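Report on the structure given below.
What follows draws every value from the coordinates through simple rules; no lab data is involved. Bear in mind that the values here come from a model prediction, so they are computed numbers and not experimental data. Cβ atoms come from the backbone with ideal geometry, glycine included; neighbour counts cover every protein chain shown.
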Amino acid sequence: MPRTRTPYPADFRDQIIALARAGRSVESLAREFEPCAATIAGWIRQAGIDGGARDDSPTSLEREELARLRKENRQLRMERDILSKAAAWFARDELGSSRSSSS
């Protein structure tokens, strides 16, 4: 699903997270800045995971690696399917030409 807007810059997210850790509520940050409270809460949660304070989800690096591996897996499956179809086509073509030459 395509994103509806460009992602917020990393330094902006870091500033919002720092303000939240300094005691500002997520709701007040959401009112003052553009991101909704759920977005800010997600940033704070992910920062805790990446910082080692939480271990209930994969870190950002692990998420990036999973995305890269899933993309690579899709590519390899597509290539395998193409090669399988090409092999079947060549086998059928070879079978057809050997029958016509032996007749």
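Here are a few things to note about the model shown:
- Region 1-30 - residue that is loosely packed, with under 10 Cβ neighbours inside 10 Å and basic (Lys, Arg) and, of those, nearest to GLU64 (Cα to Cα): ARG3
- Of all residue pairs spaced 6 or more apart or on separate chains, those with beta-carbon atoms under 6 Å, a first member in region 44-61 that is closer than 19 Å to GLN15 by Cβ and a second member that is charged (D, E, K, R) and assigned to a loop (DSSP other than H, G, I, E, B) are GLY48/ARG54.
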